[in-house]
Every structure is written in C-alpha cells, then in structure tokens.
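Working notes, beginning with the structure itself.
The values are calculated or read from the model by the stated rules, or taken from the named source; none is laboratory data. Please read these numbers as outputs of a predicted model, since none were measured by experiment. Backbone-built Cβ (ideal geometry, glycine too); neighbour counts: all protein chains shown.
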Amino acid sequence: MTESTQERRDAARAWFEQMRDRICAAFEAIEDSLQGGPHAGLAPGRFERKAWDREGGGGGVMSTMRGRVFEKVGVNVSTVWGEFSPEFRRQVPGAAEDPRFWASGISLVAHMRSPLVPAVHMNTRHIATTKAWFGGGTDLNPTTAPIAEDTAHFHATLKAACDRHDPGYHPRFSKWCDEYFFIPHRGEPRGVGGIFYDTLDTGSWEADFAFTRDVGTAFLDAYLPIVRRRMELPWTDGDRATQLVRRGRYAEFNLVYDRGTKFGLMTGGNTEAILMSLPPVATWP
C-alpha cells in the first residue's frame, strides 16, 4: 500500500468520524430545543457511545440515543479490514482477484417519537479492494401520509448538493434510490426517496471524496428543518398506529434486502451495530 493510499484512507476515516460528531451535536441540540408536545417534560436525550473491535481487523463506535424527539437513533462509524469469505468475493468489485478489503463509513438511522416527523437514513462509505470507490445516500421515510412541503425540501437540498458536482448526478442517483429502496414483496417504496449511489469511481479520488462529504453535509440541511417544523405538532393514536405499521415495512426491507446489513454480517461486523437500523417498536397488521 502506497503512502498516498494510506493518506486517503486516513482522510476518509477522519471525515466519517467528524461527520458523526456534527450529527450527534445537531441531534442533541434538537432534543434541547423541544418546547411543546407530549414528551416535552422528559429529559433531553444524550448519545451514549460504545466501542467495539472486529476479529480479523478494525472495529467501530456505536452512538445511540433514546430521547424525547428521537425515539431511537443510531449514528455508527466503523473502519474494518481483512479478507472476504469465498462466497462473497464475486459479489464485490475487485475482490475476485484479491480477497483483501478495507472499508470505512458512517451509518445513521433515526426513528422519531412523533409520527409526523419522518424517519430517515443516511450513510456514506469508502471501500477498497483491488479497486476503490465511494458509496452512500440518504432517504426520507414518512410514517404517516407524506407531506409535500417536506418531500420537496428534502429533494431540493440533495439536488443542490449533487448539482455542485455533476448535473447528471441527481437524476441518476434519485432514480437509483427509488429502485433500491423498494420492497418487492409488498410492491411499494420504503419511503419518498432521496439519493443512492455506489461504486463511485470517476477517476478522481479527490472529486469523489468531495462529493461524498457534500452528501453528509447536505443531509443535515435536508432533514433538520423538517424535524423542527413537525416535532411539536399534535398527533393522534391513529397516527401512532400508522407509524408502527410503516416501521414494520422498514424492518422488512432492512432484514431482507439491504446491502449494508448483508455486508456487515458477512464481514463479521458487530451484530448490534448492524441491526441498529431496526425500529424500537413496530407492528404488523
């Protein structure tokens, strides 16, 4: 491994950890800002961090919070390395030639107390085998009827971030998101979309890393205003019942189809961290 390769990996890892710290601070500030609503009397939530080591190389840190706005949110970072198992090598670019890999990333899922505040997912990652690439994205998951204003804001913010790098990114990655976050056995989307990209290698590592950083920054700009608009609005028992059913759909997708879940389990990652994405409570009618 060349010095420049190590420098790039160190830079990617450092960014994912910095992004984790920014997101955790912003979410804790949301917890502090709650003035009304049924959970305003509860103490503001705070993130708890738990480090873990991976047998075979690397590890990560789980950051989880159960608060009065965020019913359950996890912001995990990990950096792992080793060798892919034989059955996994042909599924990953560059691994058939050499099973060794290195991967670092941030993964976030937030399930909200208010049914009027959408759940959300975001992750960005850098993976290296004999090839190296970036991937990630974010998608919005309303648990009651989608609100057009929120959907439009979320997509517009992501489009602006994409357009700063390539005007073709948003239509391509938005379509990819719609196709990826779809539940085939239900015949329905998981949410209202966002962006999703993988194996991004334009030939300029610096440009691809800059885009990936902008995706993380844009996530906060896309999501936080929605939380603030909706978190203190009144909701009904019927809203809560609908929310729990939608959470069941979320769990189905992540357990059956999600690539990140499969990647983490097949590379010996921390099971608790991998399944952090599952909601705290869900129902199936």
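General observations
- Being at pLDDT 95 or above and not hydroxyl-bearing (Ser, Thr, Tyr) holds for only one residue in GLY82, GLY45, GLY37, GLY94, and it is GLY45.
- Filter result for GLY56 (in contact with a strand residue (DSSP E or B) (Cβ under 8 Å, 6 or more places away or on another chain), in contact (Cβ under 8 Å) with a residue 60 or more places away in the chain and not in a strand (DSSP E or B)): yes
- Selection count where residues are over 23 Å from HIS111 (Cα atoms), buried (at least 20 other Cβ atoms within 10 Å of the Cβ) and of a type in the set (Ser, Thr, Tyr), scope the stretch 125-179: 2
- Residues of the stretch 64-83 satisfying the condition of being crowded, with 21+ Cβ neighbours inside 10 Å and part of a strand (DSSP E or B): MET65, PHE70, GLU71, LYS72, VAL73, GLY74, VAL75, ASN76, VAL77, SER78, THR79, VAL80
- Scanning the stretch 68-93 for residues being in contact with a Gly (Cβ under 7 Å, 6 or more places away or on another chain) and of a type outside the set (Val, Ile, Thr) gives a total of 6.
- Single match in SER107, SER85 (criterion: farther than 16 Å from ARG190 by Cα, in contact with a strand residue (DSSP E or B) (Cβ under 9 Å, 6 or more places away or on another chain) and not aromatic (Phe, Trp, Tyr)): SER107
- Residue count, the stretch 245-268 (criterion: more than 19 Å from the chain's Cα centre (by Cα) and outside any helix (DSSP H, G or I)): 1
- For the stretch 139-161, the criterion of being among the charged types (D, E, K, R), in contact with a His (Cβ under 8 Å, 6 or more places away or on another chain), in a strand (DSSP E or B) and on the phi < 0 side of the Ramachandran plot is satisfied by at least one residue.
- Flag: THR199 matches the condition of being surrounded by fewer than 20 Cβ atoms within 10 Å (Cβ to Cβ), more than 30 Å from LEU244 (Cβ to Cβ) and either touching a residue at least 24 places away in the same chain (Cβ under 8 Å) or among the basic types (Lys, Arg) (or both).
- Count of the stretch 1-38 residues which are out of contact with any Lys or Arg (no Cβ under 9 Å at 6 or more places or on another chain), in contact (Cβ under 8 Å) with a residue 60 or more places away in the chain and either among the aliphatic types (A, V, I, L, M) or assigned to a loop (DSSP other than H, G, I, E, B) (or both): 5
- Of all the numbered requirements in (1) at positive phi; (2) touching a Lys or Arg at 6+ places or on another chain (Cβ under 7 Å); (3) not hydrophobic (A, V, I, L, M, F, W, C), PRO44 misses one, and that requirement is (1).
- Single residue of THR242, THR202 found to be at pLDDT 95 or above, among the hydroxyl-bearing types (Ser, Thr, Tyr), more than 24 Å from GLN18 (Cα to Cα) and outside any helix (DSSP H, G or I): THR202
- The lone criterion from (1) part of a strand (DSSP E or B); (2) surrounded by 16 or more Cβ atoms within 10 Å (Cβ to Cβ); (3) of a type in the set (Lys, Arg) left unmet by ARG49 is number (2).
- Members of the stretch 88-100 found to be in a helix (DSSP H, G or I) and free of Cβ contacts under 8 Å to residues at least 24 places away in the same chain, listed by number: ARG89
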